[in-house]
Amino acid sequence: MRITITGSTGLIGQALAESLLADGHDVTRLVRREPRATSDGTTEARWDPTAGTVDTAALAGSDAVVHLAGAGVGDHRWTPAYKQQIRDSRVLGTRTLATHLADLPADSRPGLFLSGSAIGYYGATGTNTVDETAPAGTDFLAEVCAAWEAAAAPAREAGIRTAHSRTGVVLSPRGGAFGRMLPLAKLGLGGPLGSGRQYWSVISLADAVAALRYVIDTPALDGPINVTQPRPVTNREVSSALGRLLHRPAFFMVPSPALHLVLGEFAGSVLYSQKVVPTRLLEAGYPFRHPTLDDTLRAALGKI
């Protein structure tokens, strides 16, 4: 297959590209700088989501376009300017791709537009379990996710199978929230964030990548798809299990005020509870590689 990817230098995008290349697929990376020769077997093409331009030769004839680009939600404090960047980097990029895909001749359109999203779509769910049928939340990230998904409408309306991977908390030392937690946990400074009772819907990096590939290979899957392991866990369960696997204490609770002091408004997203389950992946028969918290943590720590 020929797969075109945006966000291919990010945590999931890089791992997805590596996985596809290992299985002999052709991978084109959309980049915002001048394309250059690569040594990993991929090709590069240019796009500019702000200007609304893209090299359509990289889209035409692709089997799937996987869109994972977006400014990191935890990379900076949420100033008004950075919140706008978080939103624009997702909405403008998705609209650019969807519009250009829809404008392609029908016989050269890809079979799938797989556009990233996040379980932030649901907002805080407390102890209520939600799946893909739940409505959007009302906080900033929920609004961003809803607008992000809506921006893909031109592709869907053109008859292209369009899916949204609502990804949970990826447990990987290569990046994300867990990548920041792990060094502290190894020093014995891990522990619950806030009360620790908030639910985290987690997934291993291997499952996050394999789930995307499963969507690519499964024509019946479109629309929203939760990319989380089957059983949500609490933040306290994550910190306790990580401490046990590392043979380190995990009782140094980080109080909510301290998180707000360090992270600003983003702390709310770390502290609120999201109890999300992957109903559509389960119904489609996706075989989870790491279905439990221990499996997922062991994979992140290289113990399996």
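The values are calculated or read from the model by the stated rules, or taken from the named source; none is laboratory data. Quick caveat: nothing in here was measured; it's all calculated off a predicted structure. Neighbour counts are summed over all protein chains in view; Cβ atoms, including those assigned to glycine, are modelled from backbone coordinates with ideal geometry. Ligands, DNA and RNA are excluded from the accessible area calculation, which covers all protein heavy atoms including side chains. Shrake-Rupley method; radii C 1.70, N 1.55, O 1.52, S 1.80 Å.
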Legend entry - Test for Phe266: is it at pLDDT below 95, out of contact with any helix residue (DSSP H, G or I) (no Cβ under 6 Å at 6 or more places or on another chain) and open to solvent by 40 Å² or more (accessible area, probe 1.4 Å): no
Legend entry - Residue list for the range 43-82, restricted to those being open to solvent by less than 50 Å² (accessible area, probe 1.4 Å), in a helix (DSSP H, G or I) and hydroxyl-bearing (Ser, Thr, Tyr): Tyr82
Inset, instruction - Would you tally the residues in the range 94-127 being open to solvent by less than 50 Å² (accessible area, probe 1.4 Å), more than 26 Å from Ser201 (Cα to Cα) and small (Gly, Ala, Ser)? - result: 4
